[in-house]
Amino acid sequence: MSENPTLILIVGPTAVGKTDLCLKLAKNFNTEIISCDSRQFYRELSIGTAKPTSLELAEVKHHLIDSVSISEDYDVKKFESDALRILEDLFLEKSVVIMTGGSGLFAKAITDGLDDMPDIPDTFRKEVIRDYQENGLEFLQQELKKADPEYYTQVDIQNPQRLMRALEVIRGTGKPFSSFRKRKKVERPFRILKIALERDREELYQRIDQRMDQMIENGLFEEAEQFFEQRHLNALQTVGYQEIFGYLEGKYDREEAIRLLKRNSRRYAKRQLTWFRKESDYQWFNPDDFEQILKWVNVKLAESH
């Protein structure tokens, strides 16, 4: 392993500008990028997941983008194992590696390690997804509130993925999800510099709306339509596809679907920021301040020598 191996972790809300910044940093340090974005793993989903373009992927080598199929069960545990293996390989040659994404849980799996969760039969996951599709988010919220009030006060209750994960464990074990979340932070064999990105809220929301318009122009509705029959899959329980499935089911018109896509993307960004602000030791920057970010990273790197 190289001397003083360092992972630069760069997180932030959707559309804040993570990709551009990470490409610049990767070129500066002659290194590679690992994605910790829970939606960019899936090779079939391109438009709605805002992956780097083929040109950007050609500029700098990326890992864990297009790495699994939507039909595979890919969770944070498998991600942790894959990412650590890739880091081990990269650190044989590189002293700095970059990891980036907007998924707080996946980032935390690398920085802190994961709680040991029991293996739950797939039937429980399918059952919970079906309940969500038939009864909506509020149904999940109420069940969790009753079954595990402690976790209910900690979880982002607007995030169906997190609620469904907790409920499948509760139903599968008969125990509160919070009873499994006790593990101490792990020590990694590399240093981690944690950077979080933010912009003025109006500017961020404007960027989200513009990105959504661009995605629609690029064929987001058509992409979602392709997977309509597979909408029960875990990979598709996400902003950007769920709103279009509702339109395809005849619940509302296209105009309303677009309004929901933008609104829910803004809400998602707000939840991402809340998550990262709750985490300590992130250094916050505007992604346009490249020189300032580079200076901070170099100071931190020098401290380790």
**Study point:** Residue list for region 34-62, filter: within 23 Å of Leu9 (Cβ to Cβ) and among the hydroxyl-bearing types (Ser, Thr, Tyr)
**Key:** Ser35, Ser38, Tyr42, Thr49, Thr53
Study note, to complete from the structure: Okay, helices (runs of 4 or more DSSP H) sitting entirely in region 117-214 with 3 or more residues that are more than 20 Å from Thr274 (Cβ to Cβ), at pLDDT 90 or above and in contact with a Lys or Arg (Cβ under 9 Å, 6 or more places away or on another chain), I get 122-135, 160-173
Point to revise | Condition broken by Arg259, with the remaining ones in (1) in a helix (DSSP H, G or I); (2) in contact with a helix residue (DSSP H, G or I) (Cβ under 8 Å, 6 or more places away or on another chain); (3) without any contact (Cβ under 8 Å) to a residue 24 or more places away in the chain satisfied | key: (2)
Check your understanding: So which residues in region 227-241 are part of a helix (DSSP H, G or I) and free of Cβ contacts under 8 Å to residues at least 60 places away in the same chain, if there are any at all?
Key -> Phe228, Glu229
Check your understanding: Is it the case that Glu150 is surrounded by 15 or more Cβ atoms within 10 Å (Cβ to Cβ) and more than 22 Å from the chain's Cα centre (by Cα)?
Key -> no
Point to revise | Leading residue by the ranking (farthest from Ser46 (Cα to Cα)) among those in region 215-225 that are assigned to a helix (DSSP H, G or I) and in contact (Cβ under 8 Å) with a residue 40 or more places away in the chain | key: Ile216
**Study point:** Hits in region 87-104 - residues which are surrounded by fewer than 17 Cβ atoms within 10 Å (Cβ to Cβ) and part of a helix (DSSP H, G or I)
**Key:** Glu88, Asp89
Exercise for review: Report the residue count in region 156-177 for those that are surrounded by fewer than 19 Cβ atoms within 10 Å (Cβ to Cβ) and either free of Cβ contacts under 8 Å to residues at least 40 places away in the same chain or over 23 Å from Phe139 (Cβ atoms) (or both).
Suggested key: 4
Check your understanding: Of everything in region 197-214 that's within 18 Å of Thr19 (Cβ to Cβ) and among the basic types (Lys, Arg), which residue is surrounded by the most Cβ atoms within 10 Å (Cβ to Cβ)?
Key -> Arg199
Check your understanding: How many of the residues in region 65-119 are within 22 Å of Lys27 (Cβ to Cβ) and free of Cβ contacts under 8 Å to residues at least 40 places away in the same chain?
Key -> 3
**Study point:** Subset of region 35-64 that is touching a Phe, Trp or Tyr at 6+ places or on another chain (Cβ under 9 Å) and of a type in the set (A, V, I, L, M, F, W, C) - its residue that is nearest to Leu25 (Cα to Cα)
**Key:** Cys36
Exercise for review: Determine whether Tyr241 is surrounded by 19 or more Cβ atoms within 10 Å (Cβ to Cβ) and either modelled with pLDDT of 95 or more or among the hydrophobic types (A, V, I, L, M, F, W, C) (or both).
Suggested key: yes
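The values are calculated or read from the model by the stated rules, or taken from the named source; none is laboratory data. The structure displayed is predicted, hence computed values, not measured ones. Ideal geometry is used to build each Cβ from the backbone, glycine not excepted, and the neighbour counts take in all protein chains shown.
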